[in-house]
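The values are calculated or read from the model by the stated rules, or taken from the named source; none is laboratory data. Every value quoted in this text rests on a predicted model; they were computed, and no experiment measured them. Backbone-built Cβ (ideal geometry, glycine too); neighbour counts: all protein chains shown. Only protein heavy atoms, including side chains, enter the accessible area calculation; ligands, DNA and RNA are left aside. Shrake-Rupley method; radii C 1.70, N 1.55, O 1.52, S 1.80 Å.
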Amino acid sequence: MSITNEAELIGMQKVSEAVAYTLKEMMNYAQVGMTTNDLDEYGAKILSDFGAKSAPYLTYGFPGWTCISVDKEFCHGIPTSERVLKEGDLINIDVSAELNGYWADNGGSFVIGKDINQHQKLVDASKAILEKAVNNIKGGVRIADIGFLMETEAKKRGYKVIKNLGGHGVGRSLHEEPDELMNYRNRFDTRRFRKNSVVAIETFISTDSTIAVELNDGWTMVGNKGGYMAQHEHTILITDGKPIILTQMNGILN
């Protein structure tokens with residue numbers, strides 16, 4: 001979507017605040033011994049208090065209010081009463097929602113409790129790459145150049161990027177043009193970021209895999225070569241200079 005007036009900006013700010021606050025609170029609430037369903041229900045209550053509706057549920061009929069992926073699950077993990085969080089787990093929470101006709105999306109990976117499995121380095125790499133990417137996006141910049149930056153930064157740190165997951169436009173629906181904002185340089189992609197447009201920029205940084213594959217549940221994705229993945233995501237408004245991070249409140253880059 002393109003922001004053309006004050007009302008649209010306020011609409012995007014409000015829904016972005018709802019998803020950002022929900023993500024932040026869920027990350028703070030998560031603890032060892034809790035189920036992913038407990039965590040999801042907690043997030044659902046916060047979204048509901050804002051008057052916001054779960055985007056994956058509304059758009060795709062996803063069997064949960066938020067996506068919670070644990071350990072070797074890369075994304076789109078279904079919250080369940082069977083999945084109990086353990087010390088040192090790598091967790092990803094992705095919260096997207098609709099409020100008054102506006103949509104926003106954000107997510108973050110983190111380690112629960114002590115980092116006994118040495119996942120923090122991967123998490124920190126993903127955060128640093130998102131921050132660098134966001135800081136380099138403005139109107140007129142080639143989309144493929146940001147993908148190149150993300151892949152280069154991942155390689156520098158000894159990691160790979162997932163080639164079949166990407167960021168996307170957002171605003172009047174969950175996924176809009178420009179779609180497929182990839183974490184690598186697609187030399188055939190001549191598109192440029194447009195000033196005043198809203199996009200969800202996300203990292204998909206992995207230890208071993210380059211492709212995400214779907215499990216039999218029809219939702220959860222894991223790596224084609226196993227390993228782990230970290231994802232961090234902000235909804236941003238593109239300007240002539242530094243973008244406005246609409247989901248800043250989630251604190252994922254702190």
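Observations on the structure shown:
- Within region 4-26, the set of residues being in contact with a strand residue (DSSP E or B) (Cβ under 7 Å, 6 or more places away or on another chain) and surrounded by 20 or more Cβ atoms within 10 Å (Cβ to Cβ) comprises GLY11, MET12, VAL15, SER16, ALA18, VAL19, ALA20, THR22, LEU23, MET26.
- Exclusive hit being among the small types (Gly, Ala, Ser) and assigned to a helix (DSSP H, G or I), set SER109, SER126: SER126
- Filter pass, GLU131 being assigned to a helix (DSSP H, G or I) and touching a residue at least 60 places away in the same chain (Cβ under 8 Å): yes
- A single member of GLY167, GLY147, GLY139 is at pLDDT 95 or above, touching an Asp or Glu at 6+ places or on another chain (Cβ under 7 Å) and either open to solvent by 70 Å² or more (accessible area, probe 1.4 Å) or not in a loop (DSSP other than H, G, I, E, B) (or both), and it is GLY167.
- Inside region 170-181, residues that are part of a loop (DSSP other than H, G, I, E, B) and open to solvent by 70 Å² or more (accessible area, probe 1.4 Å) make up a count of 2.
- Matching residues in region 214-236 - criterion: being small (Gly, Ala, Ser) and in a loop (DSSP other than H, G, I, E, B): GLY218, GLY226, GLY227
- Taken over region 197-213, the residue count meeting the criterion of being more than 26 Å from LEU246 (Cα to Cα), in contact with a Phe, Trp or Tyr (Cβ under 6 Å, 6 or more places away or on another chain) and not in a loop (DSSP other than H, G, I, E, B) is 1.
- Applying the set (1) open to solvent by 10 Å² or more (accessible area, probe 1.4 Å); (2) on the phi > 0 side of the Ramachandran plot; (3) among the small types (Gly, Ala, Ser); (4) free of Cβ contacts under 8 Å to residues at least 40 places away in the same chain to GLY88 leaves exactly one unmet item: (1).
- For region 208-254, the tally of residues that are more than 16 Å from the chain's Cα centre (by Cα), surrounded by fewer than 20 Cβ atoms within 10 Å (Cβ to Cβ) and polar (S, T, N, Q) stands at 4.
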